[in-house]
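The values are calculated or read from the model by the stated rules, or taken from the named source; none is laboratory data. None of these values were measured; they are calculated from a predicted model. In this analysis, Cβ positions are derived from the backbone assuming ideal geometry, glycine residues included, and neighbour counts consider all displayed protein chains.
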Ligand code: ADP
């Protein structure tokens, strides 16, 4: 490892829908100076742009189901080859199944992951958070029915329309949480066996969770040097 390499962070964020992954990943990306790579954001951008891939995944996403491993693996393999991601990144939403985790092992064989965070928030808490969640359809800023934008569901940041995500309805949320338990949770022992798992409590104020995450990740990065 050269001097430059040890300053980089290759992180994966696992956690239930509504655990706060997106919010925390944006903050970790800013803190560590790494790109935030969110497969959900990439797919939503493809849907919004009406690309071939977007048309293929729209109905799957709206129903709360998972996009195929094959498609996701191609998307992420291409993304991780871009120059901004060759040394470090904060991966959000990938891997989401054990086959995706196995494939990521292959893709990162020469630059392995430093830390896989399991942002832990109980199911009953996330159900409440998600059904209250509202999001700007233009820039993606998150709001909730408890903390709405200041003006009539118009985004404070960009003026876009603030709406409920189609996959945040109660029916889709229950489907997504069931899939999280059956498909994604097995990645927790998968990464624990590889010695890179870090469980962090995701309850409480967002700023407190950020401080907790940065401290825990810093500890790990230092210990691995
Ligand atoms: P959430 O974590 O709240 O479900 P995301 O924004 O991460 O939201 O993902 C939204 C949707 O995009 C998922 O429900 C799924 O349909 C699709 N998706 C994102 N990442 C993956 C992935 N790695 N594998 C399969 N489907 C994915």
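Go over the candidates 195, 204 one by one and state the one that is under 22 Å from residue 131 (Cβ atoms) and exposed (fewer than 13 other Cβ atoms within 10 Å of the Cβ).
Working: 195 fails: under 22 Å from residue 131 (Cβ atoms).
Of 195, 204, the one residue that is under 22 Å from residue 131 (Cβ atoms) and exposed (fewer than 13 other Cβ atoms within 10 Å of the Cβ) is 204.
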Please indicate, with yes or no, whether at least one residue in the stretch 121-129 is exposed (fewer than 14 other Cβ atoms within 10 Å of the Cβ) and not in a helix (DSSP H, G or I). yes
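Given the stretch 150-225, what helices (runs of 4 or more DSSP H) lie entirely inside it while holding 3 or more residues that are within 20 Å of residue 43 (Cβ to Cβ) and in contact (Cβ under 8 Å) with a residue 12 or more places away in the chain? Show your work before the answer.
On the way: elements: 170-179, 187-193, 206-224.
It comes to 170-179.
In the stretch 71-84, which residue that is more than 10 Å from the ligand (Cβ to nearest atom), assigned to a helix (DSSP H, G or I) and free of Cβ contacts under 8 Å to residues at least 40 places away in the same chain is farthest from residue 175 (Cα to Cα)? Walk me through it before giving the result.
As a first pass, look at the stretch 71-84 and keep what is more than 10 Å from the ligand (Cβ to nearest atom): 74, 77-84.
Filter once more, keeping what is assigned to a helix (DSSP H, G or I): 74, 77-80, 83-84.
With the extra rule that they be free of Cβ contacts under 8 Å to residues at least 40 places away in the same chain, the set shrinks to 74, 77-78, 83.
On the way: 74: 25, 77: 27, 78: 29, 83: 36 Å.
Result: 83.
Return a yes/no flag: does the stretch 97-114 have any residue that is closer than 26 Å to residue 169 by Cβ and outside any helix (DSSP H, G or I).
Checking the stretch 97-114: at least one residue is closer than 26 Å to residue 169 by Cβ and outside any helix (DSSP H, G or I).
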Being surrounded by fewer than 17 Cβ atoms within 10 Å (Cβ to Cβ) and within 12 Å of the ligand (Cβ to nearest atom) is the filter here; which residues of the stretch 24-41 pass it? 41
Could you please find all residues in the stretch 85-96 being crowded, with 19+ Cβ neighbours inside 10 Å and either near the ligand (Cβ under 10 Å from one of its atoms) or in a loop (DSSP other than H, G, I, E, B) (or both)? 88, 91, 92, 93, 94, 95, 96
Inside the stretch 148-200, the number of residues satisfying the requirement of being within 16 Å of the ligand (Cβ to nearest atom) and in contact with a strand residue (DSSP E or B) (Cβ under 8 Å, 6 or more places away or on another chain) is 8
Can you confirm whether the stretch 14-31 contains a residue that is over 15 Å from the mean Cα position of the chain (by Cα) and either at pLDDT 95 or above or in a helix (DSSP H, G or I) (or both)? yes
Pairing a residue in the stretch 86-102 that is farther than 14 Å from residue 189 by Cα with any residue that is in a loop (DSSP other than H, G, I, E, B) and within 12 Å of the ligand (Cβ to nearest atom), where Cβ atoms lie under 8 Å and the two sit 6 or more apart in sequence or on different chains, gives 100/94
Among (1) under 26 Å from residue 202 (Cβ atoms); (2) modelled with pLDDT of 95 or more; (3) surrounded by 19 or more Cβ atoms within 10 Å (Cβ to Cβ), the one test that residue 64 misses: (2)
